[in-house]
Amino acid sequence: MLTRAIIPCIKGYDVIAQAQSGTGKTATFAISILQQLEIEFKETQALVLAPTRELAQQIQKVILALGDYMGATCHACIGGTNVRNEMQKLQAEAPHIVVGTPGRVFDMLNRRYLSPKWIKMFVLDEADEMLSRGFKDQIYEIFQKLNTSIQVVLLSATMPTDVLEVTKKFMRDPIRILVKKEELTLEGIKQFYINVEREEWKLDTLCDLYETLTITQAVIFLNTRHKVDWLTEKMHARDFTVSALHGDMDQKERDVIMREFRSGSSHVLITTDLLARGTDVQQVSLGVDLGGKVWL
């Protein structure tokens, strides 16, 4: 992914890249942005959209790490944080790069605290996920505020109709880097399933697996926030140490939980698809999908 996409991105072409998590896509667009920055020019020159606050913050960290010795500045513009502080930061000194979630980014553009005037590169990371979360109108409105000549880089694990609509509407002769169907599963990932005949038996099966889960770190995925809370409560009642994360929690709580999980003080994290895309926790060696009908 990195070698195929980075050259056209740096050369300024519009690029559509189909890429799964773990293929180096964040580094691809981060390096491309940094390569095109005019560091001495203290205006926002690149905008990155991500579907979740956690992913936006992670992208910000990658960009700051790669651009450390250049003096590149990058601001995370995300919901759940103080709007007044956000406005003051953007007004005091425009960061070279803004990474954010669609709602807050649109709000800052609309209030004119984030200026689109000098933005020359626009990245949509996990585009399919953003559109499936209902951000289509906001993404379209953000596009309307940007320069018509802007370079657009779109990254998506899948290419559903609504993603293709975005590419047709806002991209100019994009270079397409698509993967074959058989390449969608990453090398080195082993997949297993456990037949569970009844839904209520999943909890017992999971508890039986707990010792395996805590050897390193594991993430358990469920398809609703209610189920996350339910499973966390049940696991705690059986004296299992787990932490939970979903979109109904406020930003400070989400930040604390992610910090604990990244540091290794929490070994099992129960979550929704909030963390299914792009979030990088090096120590995680096992993901468990509890959403299937008769399997674990």
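In the stretch 19-43, the residue that is modelled with the lowest pLDDT out of those that are touching a strand residue (DSSP E or B) at 6+ places or on another chain (Cβ under 8 Å) and buried (at least 23 other Cβ atoms within 10 Å of the Cβ) is Ala19. For Leu131, indicate whether it is free of Cβ contacts under 8 Å to residues at least 60 places away in the same chain, touching an Asp or Glu at 6+ places or on another chain (Cβ under 6 Å), farther than 23 Å from Ile31 by Cα and not basic (Lys, Arg). Against the criterion (free of Cβ contacts under 8 Å to residues at least 60 places away in the same chain, touching an Asp or Glu at 6+ places or on another chain (Cβ under 6 Å), farther than 23 Å from Ile31 by Cα and not basic (Lys, Arg)), Leu131 qualifies. Residues in the stretch 244-272 that are over 16 Å from Ala218 (Cβ atoms) and not polar (S, T, N, Q): His246, Gly247, Asp248, Met249, Asp250, Lys252, Glu253, Arg254, Asp255, Val256, Arg259. Out of curiosity, is Lys42 free of Cβ contacts under 8 Å to residues at least 40 places away in the same chain and basic (Lys, Arg)? Criteria not met by Lys42.
Filter the stretch 231-248 down to the residues that are charged (D, E, K, R) and more than 23 Å from the chain's Cα centre (by Cα), then identify the one that is surrounded by the fewest Cβ atoms within 10 Å (Cβ to Cβ). Give the derivation first.
Step one: of the stretch 231-248, the residues charged (D, E, K, R) are 233-234, 238-239, 248.
Subset that is more than 23 Å from the chain's Cα centre (by Cα): 233-234, 238-239.
Values: Glu233: 11, Lys234: 14, Arg238: 12, Asp239: 6.
Taking the candidates together, the pick is Asp239.
The values are calculated or read from the model by the stated rules, or taken from the named source; none is laboratory data. Since we're looking at a predicted model, the values are computed, not measured. Because the Cβ atoms are built from the backbone with ideal geometry, glycine has one as well, and the counts that use them run over all protein chains shown.
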